[in-house]
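What follows is a short report on a single structure.
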Amino acid sequence: MEKEKVTCLIIGSGPAGYTAAIYAGRANLSPVLYEGLQPGGQLTTTTEVENFPGYPDGVSGPVLMDDLRRQAERFGADLRYGIATASDLGATPYKITIDDEKEIETETLIIATGATAKYLGLEDEKTYAGMGVSACATCDGFFYKKKTVAVVGGGDTACEEAVYLAGLAAKVYLLVRKPALRASKIMQERLAKHPNIEVLYEHNAVGLYGEKGVEGVHLVRRMGEADEHRYDLPIDGFFLAIGHQPNSAIFKPYLETDETGYIHTEAGTPRTKLPGVFAAGDVADPHYRQAITAAASGCKAALEAERYLSSK
């Protein structure tokens, strides 16, 4: 297996990874960044980003990520295509295997692998990606002012998304697969305060329709029953709120995570329990999951890496 030694290795290429590369490059750490399966991360599937500072007129997700990428390159970051397939963090230098064929030894490691939104698995979710299907209400809710949307889920996250959208949309349907919500009592109480939220219990989305974007959802009441329980509900936006899966599997034998897989870091920092190993962005953030907070944590991770190397 081919081997290589580096000073600073960054895994992941969303706002956290690219920002870490910018700061590490400016600090002369000669960072090497592997971009993973989806260069640019989740934002590359977003058509318009209106809440990232510095873009007063908004910017498309792919353009924003390309801007960050070029800025990282400007400061000397070595950006490479490749997927981290294994890790050995048992001792320093830390070892990361890329594409099962190359081993990178690194003095510092910044994990910025992000999290993947969970979807229902409908083919229509792919068809209408960026055209009415979203997994982030705070990212895309603005585009549905005075419109009708549906949120899928029955937990706290789904209720939070529905409440947020209720402040923008004319009507919000919460599609709940079970006969009751899983959300905490306080979240259910907040939900009940919004007259434009309607909860549809025992409803399953089985498809979407529309010519140029989402115009409605195919629903089934009490899955498996007769055809009269199937009907179409006109909507303009379809929001998934059934959770995210952090991309942390190859690091879990060495790092502490919560039950979902989010990497634990010291409060207010990207430091993990291993010296010289830092986690930034959505892989360590179950709460905010915003581009700007990911970028901020990438900045912190690079600064921490620089300080760690200086102290050795």
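Taken together, the values in this text are just the output of simple stated rules run on the coordinates, not laboratory data. Please read all numbers here as calculations on a predicted model, not as lab measurements. Positions of Cβ are backbone-derived with ideal geometry, glycine not excepted, and every protein chain shown enters the neighbour counts.
Here are the numbers:
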| read-out | value |
| --- | --- |
| Cα-derived Rg over Rh, computed across the chain with Rh taken as Kirkwood radius | 1.02 |
| Any cysteine of the chain lacking a neighbouring Cys Cβ under 4.7 Å - listed by number | C8, C159, C299 |
| Percent of alpha-carbon pairs separated by more than 28 Å within region 51-197 | 44 percent |
| Relative contact order (%) - the chain, alpha-carbon pairs under 8 angstrom, separation at least six | 21 percent |
| N28/D67 FRET efficiency (R0 25 Å; Cβ-Cβ; nearest 0.05) | 0.65 |
| Relative contact order (%) - region 119-240, alpha-carbon pairs under 8 angstrom, separation at least six | 30 percent |
| FRET efficiency, 1/(1 + (r/R0)^6) with R0 30 Å, evaluated for K102 and Y288 via beta carbons | 0.35 |
| Principal-axis tilt of helix 15-26 within the chain, Cα atoms, nearest 10 degrees | 20 degrees |
| Candidate lysines for bridging to K95, where Cα separation is under 20 Å - those fewer than 8 sequence places away on the same chain excluded | K3, K5, K252, K273, K312 |
| Ratio Rg/Rh [Cα only; Rh per Kirkwood] for region 29-135 | 1.03 |
| Spatial separation of Cα centroids for region 297-312 and region 49-63, in angstrom | 28 Å |
| Degrees separating the helix 291-311 axis from the principal Cα axis of the chain, which is the longest one | 20 degrees |
| Expected 222 nm ellipticity per residue - DSSP helices of 4 or more, -39500 (n - 2.57), all of the chain, to 500 | -7000 deg cm²/dmol |
| Chymotrypsin sites (Phe, Trp or Tyr not before Pro) restricted to DSSP loop in region 79-122 with at most 16 other C-beta within 10 Å | Y81, Y119 |
| Rounded tilt (10° steps) of 61-74 against the dominant C-alpha axis of the chain | 10 degrees |
| Virtual spin-label span in nm between H264 and Y164, 7 Å along Cα→Cβ | 2.7 nm |
| Computed over region 119-240, the ratio Rg/Rh where both radii use C-alpha atoms and Rh is Kirkwood | 0.94 |
| When region 173-312 is reduced to its Cα atoms, the Kirkwood hydrodynamic radius in Å | 18.7 Å |
| Count of lysine pairs in region 119-240 with Cα separation under 24 Å (8 or more residues apart, or interchain) | 17 |
